[in-house]
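Each remark here refers to the structure printed beneath this line.
The values are calculated or read from the model by the stated rules, or taken from the named source; none is laboratory data. The shown structure was predicted, so the numbers you read here are calculated from the model rather than taken from an experiment. Cβ placement follows ideal geometry from the backbone for every residue including glycine, while neighbour counts extend to all protein chains displayed.
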């Protein structure tokens, strides 16, 4: 997604620069001016953004490891906030951490925008995106998955849940969606989850989530892992979740015999 957003911004007439985090960003951004630095290098990041006269920032891609307090290199402005930053990194949930990062960027004079502001075509649409639509059993699993994902989000833990046969069998934690689906596949092989009932992955925004950061997202790897886990399909929140390269994702789901649907929590039957 980071490369896709950079290219979309360029097409729209902007000339984006990239802050690629060391040991996190694994893509090549050779056609864009890039700063590679540690996630805690606030001073270096602010200096780069000011030199390039950056007015807007979009946060994209996963950060697998939170920085240690000794990795933080504050600016003069943020020096007094370091104790609060450290406390948040140690004990805050993902949404709390992202809110802190947004405030830090704003303190650097930048306006933080969401990925959908740069590439609105990424937002999931309401209804079935694939040739297949969910069955009655799938709709029941979607309802149970919605309840679990909302409860999980309120605790600022994760965004996804898997329901099989009307029973929630997995919740997303810090490991992320793909690892959760690998766990479901293992449970299925071990016979701890019914091999007869397929199930659904549901991904929703957290109730308190700021849409400028960490929207739920699915891509081809999500489809691949959902198929390996024996699921019938994937449901994401329409207008509040991202589908990366929708055409390729839908083709992969059609080939695997899965449905993908955008659900609207305000509509009867969720719009599916």
What are the residues in the stretch 26-53 that are part of a loop (DSSP other than H, G, I, E, B) and over 24 Å from the mean Cα position of the chain (by Cα), if any?
-> 30, 31, 33, 52, 53
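Out of the stretch 9-28, which residues are surrounded by 15 or more Cβ atoms within 10 Å (Cβ to Cβ) and at pLDDT 90 or above?
As a first pass, look at the stretch 9-28 and keep what is surrounded by 15 or more Cβ atoms within 10 Å (Cβ to Cβ): 9, 16-21, 25.
Within the stretch 9-28, 9, 16, 17, 18, 19, 20 meet the criteria.
Could you please give the count of residues in the stretch 238-247 that are outside any strand (DSSP E or B) and either in contact with a helix residue (DSSP H, G or I) (Cβ under 8 Å, 6 or more places away or on another chain) or over 18 Å from residue 209 (Cα atoms) (or both)? Even if it seems obvious, please write down each step before you answer.
From the stretch 238-247, those outside any strand (DSSP E or B) are 238-241, 244-247; that's our starting set.
From the residues that got through so far, the ones that are either in contact with a helix residue (DSSP H, G or I) (Cβ under 8 Å, 6 or more places away or on another chain) or over 18 Å from residue 209 (Cα atoms) (or both) too are 238, 244-247.
Number satisfying all stated conditions: 5.
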Given the conditions (1) touching a strand residue (DSSP E or B) at 6+ places or on another chain (Cβ under 7 Å); (2) crowded, with 16+ Cβ neighbours inside 10 Å; (3) under 15 Å from residue 170 (Cβ atoms), and given that residue 225 satisfies all but one, which numbered condition is not satisfied?
-> (1)
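Just one of 235, 253 is touching a residue at least 40 places away in the same chain (Cβ under 8 Å), touching a helix residue (DSSP H, G or I) at 6+ places or on another chain (Cβ under 8 Å), assigned by TED's automatic domain parsing to the domain that holds residue 197 and in a strand (DSSP E or B); which is it? Steps first, please.
Details: 253 fails: in a strand (DSSP E or B).
Only one candidate qualifies: 235.
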Looking only at residues in the stretch 80-125 that are in a loop (DSSP other than H, G, I, E, B), at pLDDT 70 or above and out of contact with any strand residue (DSSP E or B) (no Cβ under 6 Å at 6 or more places or on another chain), which one is surrounded by the fewest Cβ atoms within 10 Å (Cβ to Cβ)?
-> 109
Selection from the stretch 228-239 of residues surrounded by fewer than 20 Cβ atoms within 10 Å (Cβ to Cβ) and within 16 Å of the chain's Cα centre (by Cα) yields 239
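What do you reckon, is residue 6 touching a strand residue (DSSP E or B) at 6+ places or on another chain (Cβ under 9 Å) and either modelled with pLDDT under 80 or surrounded by 12 or more Cβ atoms within 10 Å (Cβ to Cβ) (or both)?
Numbers: touching a strand residue (DSSP E or B) at 6+ places or on another chain (Cβ under 9 Å): yes; either modelled with pLDDT under 80 or surrounded by 12 or more Cβ atoms within 10 Å (Cβ to Cβ) (or both): yes.
Criteria met by residue 6.
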Index of the failed condition, residue 129 passing every other in (1) at pLDDT below 95; (2) surrounded by 15 or more Cβ atoms within 10 Å (Cβ to Cβ); (3) closer than 30 Å to residue 3 by Cβ = (1)
Out of 181, 201, 215, which single residue is in contact with a helix residue (DSSP H, G or I) (Cβ under 9 Å, 6 or more places away or on another chain), crowded, with 22+ Cβ neighbours inside 10 Å and either assigned by TED's automatic domain parsing to the domain that holds residue 111 or modelled with pLDDT under 95 (or both)?
-> 215
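Against the condition in the same structural domain as residue 154 (by TED's automatic domain parsing), in contact with a strand residue (DSSP E or B) (Cβ under 6 Å, 6 or more places away or on another chain) and surrounded by fewer than 21 Cβ atoms within 10 Å (Cβ to Cβ), how does residue 191 come out, does it pass?
Values: in the same structural domain as residue 154 (by TED's automatic domain parsing): yes; in contact with a strand residue (DSSP E or B) (Cβ under 6 Å, 6 or more places away or on another chain): no; surrounded by fewer than 21 Cβ atoms within 10 Å (Cβ to Cβ): yes.
In short, no.
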Among the residues of the stretch 151-164, is there at least one that is at pLDDT 95 or above, surrounded by fewer than 17 Cβ atoms within 10 Å (Cβ to Cβ), within 19 Å of the chain's Cα centre (by Cα) and not assigned by TED's automatic domain parsing to the domain that holds residue 21?
-> yes
